[in-house]
1. For the stretch 213-254, name all the residues that are open to solvent by 90 Å² or more (accessible area, probe 1.4 Å) and touching a residue at least 12 places away in the same chain (Cβ under 8 Å).
2. Could you tell me whether GLU260 is open to solvent by 50 Å² or more (accessible area, probe 1.4 Å) and within 19 Å of LEU167 (Cβ to Cβ)?
3. Can you tell me which residue is least open to solvent (accessible area, probe 1.4 Å) among those in the stretch 266-291 that are within 15 Å of SER196 (Cα to Cα) and touching a Lys or Arg at 6+ places or on another chain (Cβ under 6 Å)?
4. Looking at this structure, is SER240 within 21 Å of the chain's Cα centre (by Cα) and small (Gly, Ala, Ser)?
5. With ASP176, ASP210 as the choices, which residue is open to solvent by 20 Å² or more (accessible area, probe 1.4 Å), at pLDDT 95 or above and out of contact with any Gly (no Cβ under 6 Å at 6 or more places or on another chain)?
6. Please tell me if ILE242 is of a type outside the set (Asp, Glu), assigned to a helix (DSSP H, G or I) and at pLDDT 95 or above.
7. Can you confirm whether the stretch 138-157 contains a residue that is out of contact with any Leu (no Cβ under 6 Å at 6 or more places or on another chain), polar (S, T, N, Q) and free of Cβ contacts under 8 Å to residues at least 12 places away in the same chain?
8. Just to verify a result, which residue in the stretch 179-214, among those that are in a helix (DSSP H, G or I) and either of a type in the set (Val, Ile, Thr) or touching a Lys or Arg at 6+ places or on another chain (Cβ under 9 Å) (or both), is farthest from THR251 (Cα to Cα)?
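The values are calculated or read from the model by the stated rules, or taken from the named source; none is laboratory data. These numbers come from a predicted model, not from an experiment. Positions of Cβ are backbone-derived with ideal geometry, glycine not excepted, and every protein chain shown enters the neighbour counts. Heads up: the accessible areas ignore ligands, DNA and RNA and are worked out on the full protein's heavy atoms, side chains in. Shrake-Rupley method; radii C 1.70, N 1.55, O 1.52, S 1.80 Å.
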Amino acid sequence: MVLRYVCRIRCRYKQTIQRHVMMSSATPTTDHLQRTADNTRQKVMSPATVMNIQDESSTVKSLDLKIHNEDFSFKAGQWVDSHIPGVDTVGGFSMWSSPGLLQRDGMLQLAVKRSPHPPAHWVHTKCKVGAQVDLRVGGDYFYDPQPGEEPPTNLLLVAGGVGINPLMSMLSHVHDLQQTATTRSMCPNKVILMFSAKTKEELLFRKRIDELCNMKSNNMSSMYFITEETAGKGDNFVYSRIKEEHIQEVTDRLKTGKVECYLCGPSPMIASIETMLKACGITEPSIHYERWW
């Protein structure tokens, strides 16, 4: 099975449709650069050094990379072409860190799921601290409020599995914007994350998500859904797939003002969530997604 990300972005009243593929648990049969040829890419390519490697789960590794080109930048939700010495295939991985981390410390963070695809295989079997790679930013799926623009009143993020990566970047970006008076006006009033995974272990970055949600100034909250484990005593997870009743509950909480929805996950899940959002009164122009199959 080929896993393919589809990115649909609307800017104000103009609709565009973009397609690109990112790395996941299956082996793509065509080249990442060919599949993403129609996507926007920056001209800047920067060398980067792996500074830290961490297991986020039994199947996902996170890389901290130091960027060496000061002109390198990205928007929350975008990905990078990853050029790895000794690996002929170019990888494509989404950032889970915020643009602010890059601006402050010159760092970005990637999370890569184990796969036989050469770039992901290298991350899981050969990558070491000190390794050098070259990165270039691409992608048309992002959350990037600008000064002077009216921000959405509320933000709803829906993630499936490793699809949390670009949405985690968006959560962190909202948190960064809340830190100064000049950017606080660009933030939504409320942010809700709905995060579905097969097991608790696959709820990547849950500790950090909980930290962000516990900061009152962020006005963030989260709901976790587990699809392949049974309920434990005293926990607060929902043991099912995301259903229309859950979407209705969340949209009722966000019914005051405009809601913008960003979705990222497996194609069947995203198609289902989109249908449910529309049934709950969210209009199509307010639904932005990235998905794979």
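1. Selection gives GLU228, ASN236, ARG241, LYS243, ARG253.
2. Spelling it out, it is not the case that GLU260 is open to solvent by 50 Å² or more (accessible area, probe 1.4 Å) and within 19 Å of LEU167 (Cβ to Cβ).
3. Looking at the filtered set, the residue picked out is ILE270.
4. Working: within 21 Å of the chain's Cα centre (by Cα): no; small (Gly, Ala, Ser): yes.
When the stated conditions are applied, SER240 does not pass them.
5. Answer to the check: ASP210.
6. No, not satisfied.
7. no
8. By that ranking, first place goes to THR182.
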